[in-house]
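What follows is a single structure, and I will ask about it in a moment.
The values are calculated or read from the model by the stated rules, or taken from the named source; none is laboratory data. All values reported here derive from a predicted model rather than from experimental measurement. Cβ placement follows ideal geometry from the backbone for every residue including glycine, while neighbour counts extend to all protein chains displayed.
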Amino acid sequence: MCGSLRPADAGHKAVLMGWVNRRRDLGNLIFVDIRDRSGVTQVVFNKELNPAMHEKASSLRNEFVIAVVGSVKLRDTNTANKNIPTGDVEVIAEELRLLNESKQPPFLPGDSTLPNEEMRLKYRYIDLRRDAMQRNIEIRHKVALAIRNYLSSQGFFEIETPFMTRSTPEGARDYLVPSRVQPGSFYALPQSPQLFKQILMISGFDKYFQIVRCFRDEDLRADRQPEFTQIDLEMSYPQPERVWEVVEGFLTAAFRAAGQEIQTPFPRMSYDDAIRLYGSDKPDMRLPEMTDVREAFAASDLDKLGANAALPLLAIRIPSVGKLSRKERDENKELFGAHAAEFNLLDIDRLEKSMPDAADQLKGMSSAHPDDLIALIGARDSPGLKTTLAGLCKVVGGYRLKLADKYSDKHKAFERTGDPRHDFRFLWVTDFPMFEYDEESKTWVPAHHPFTSPHEKDMDKLESDPGAVRAQAYDVVLNGTELGSGSIRIHRQDIQQKIFHALGMNEEEARARFGFFLEALEYGTPPHGGIALGLDRIAMILADAESLREVIPFPKTARAVDLMVDAPTPVNEKQLNDLGIKIKG
Ligand code: ASP
């Protein structure tokens, strides 16, 4: 292989097949770097040794595919290339075969500057030849393999579930596949294998997993793909802790496969604490939490500041930012955004002058160093405002992240240090609310999919106080991003009915959508639970890549377009007729 030759191979014959990475013509000597997946090696064509072959080598161009037989030779110390692993040797060509030519590619895999992403996606096969992409795809392979091996070693079976199925309720729009044999009927591509994996528990496969493609027709944010890969698993009879242990096990294996050691067990935090301390259900714990510093102030001072004393006065601390100019402080106010009617961003410099004792005390309470940036935010105290604790915390948490981003060069908390305790801050967030209130439809909607089990002790609040019902749901979070989410499921038909009812679905509707599942639940369903994690995101983190598109071989753009194959496309009239479909307009 082109990247594997070493000094110990000197004197041996080598057979190399690959692409012409670069050709340098020095007259009597032509140097060709030949490249395959494993790397590059320099091949030398010497006119004096073999004029005909030298002539042939002069016709080689970038990305031609060749085969070379030759002998491996140590390079002189002054010509050795210390930048590549094969740089101490070269191959003196004895035979050259041209296996295929190449048109001049729109860009070269070896180019030091990348073309724009559209070009990379259109000519993805050239882009994938680049070192970085070869490495990313290798990491992805190794990670997936490590996960499979680990789960298999723990007694899990990988079981496939259908792609052509019916709508699954993960909250996104479905991709639909029209049926030709039943015109007017559609399959849906699965948003997840949720119901199938639960049915597999009913079927007696008590440990299931699948590395599986899921499809969600969402308006794409920068870091989403319409089809993505989940590590999906389900088990019978687990406590949540058992699911977490399995996940920690396969993540340890996956990270190790990419050369990273992580620490387990991951810390745990309830949803309420996550909101209170970080203003987010996916806390980035590489930076300090928020602190309620109300106690630093006398009641009369809070009054003077116009702060609502019934809600926290939250201090954000961003380390090592240093002194800020007036201008920067003003910019930071703008960064806070248009919340002035409800929230009060207090100027800490002014506070230091007007209430020096309180300022000192609040710095102590949030363990601030002199170099740290402190931002202080409270809810305004005016009649008519219905600010909630969660509302306040989320706004402050959002601001905390904006400041963290802005000053990342200063605090450096987002840089890898080599210490997994800092670099990979995993966390289990537990006890999510069961329902969220949707202002638009004025109804309670499930915060997770509707098969998530509420806590036993909250059952009686399902109808009377839905907002107070906690779910047996958990997320695994890493450095402020959600890697996966799961739950203990409802395994009793009567409770499942109740949940549908609480969601405003009457029995008829529930039967129409999930009748098959409700029926299955009646045939001896064991208690069960599981989780799904995004493989693409894990691969992205381990490849230290900027976007999911860097670890997906054939991704789609933000407009859900595959630029290489040019999909989606209109189809011809005959295909539409066969399907009984007419395009409007
Ligand atoms: N099906 C869920 C999802 O895709 C995960 C789970 O509950 O296992 O988010």
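Which one of these does F107 not meet: (1) among the aromatic types (F, W, Y); (2) surrounded by 18 or more Cβ atoms within 10 Å (Cβ to Cβ); (3) without any contact (Cβ under 8 Å) to a residue 24 or more places away in the chain?
Single failed check for F107: (2).
A further question follows. Determine whether region 271-284 contains at least one residue that is over 21 Å from G391 (Cα atoms) and either over 33 Å from the mean Cα position of the chain (by Cα) or touching a residue at least 40 places away in the same chain (Cβ under 8 Å) (or both).
Scanning region 271-284 turns up no residue that is over 21 Å from G391 (Cα atoms) and either over 33 Å from the mean Cα position of the chain (by Cα) or touching a residue at least 40 places away in the same chain (Cβ under 8 Å) (or both).
Quick one: E463 ticks every box in (1) within 16 Å of the ligand (Cβ to nearest atom); (2) at pLDDT below 90 bar one, so which box is it?
The one condition E463 does not meet is (1).
While we're looking at this one, here's another question. Considering only strands (runs of 3 or more DSSP E) fully contained in region 348-452, which possess at least 3 residues that are in contact with a helix residue (DSSP H, G or I) (Cβ under 8 Å, 6 or more places away or on another chain)?
Answer list for region 348-452: 373-379, 426-430.
Okay, next question. Going by what's in this entry, would E95 be described as surrounded by fewer than 12 Cβ atoms within 10 Å (Cβ to Cβ) and touching a strand residue (DSSP E or B) at 6+ places or on another chain (Cβ under 7 Å)?
yes
Every residue, every condition in (1) within 14 Å of the ligand (Cβ to nearest atom); (2) at positive phi; (3) in a loop (DSSP other than H, G, I, E, B); (4) in contact (Cβ under 8 Å) with a residue 40 or more places away in the chain, yes or no:
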site: D475; (1), (2), (3), (4): yes, no, no, yes
site: G504; (1), (2), (3), (4): no, yes, yes, yes
site: E509; (1), (2), (3), (4): no, no, no, no
site: F517; (1), (2), (3), (4): yes, no, no, yes
site: G524; (1), (2), (3), (4): no, yes, yes, yes
site: D536; (1), (2), (3), (4): yes, no, no, yes
site: I552; (1), (2), (3), (4): no, no, yes, yes
site: R559; (1), (2), (3), (4): no, no, yes, yes
site: M564; (1), (2), (3), (4): no, no, yes, yes
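Considering only region 560-585, state which residues are surrounded by 10 or more Cβ atoms within 10 Å (Cβ to Cβ) and closer than 23 Å to R124 by Cα.
Those that are surrounded by 10 or more Cβ atoms within 10 Å (Cβ to Cβ) and closer than 23 Å to R124 by Cα: A560, V561, D562, L563, M564, V565, A567, P568.
Separate question: Give the residue that is surrounded by the fewest Cβ atoms within 10 Å (Cβ to Cβ), with candidates limited to residues of region 161-206 that are among the β-branched types (V, I, T), within 15 Å of the ligand (Cβ to nearest atom) and not in a loop (DSSP other than H, G, I, E, B).
Going through the qualifying residues, I end up with T165.
Just one of (1) without any contact (Cβ under 8 Å) to a residue 60 or more places away in the chain; (2) crowded, with 16+ Cβ neighbours inside 10 Å trips up N78, so point out which.
Failed condition: (2).
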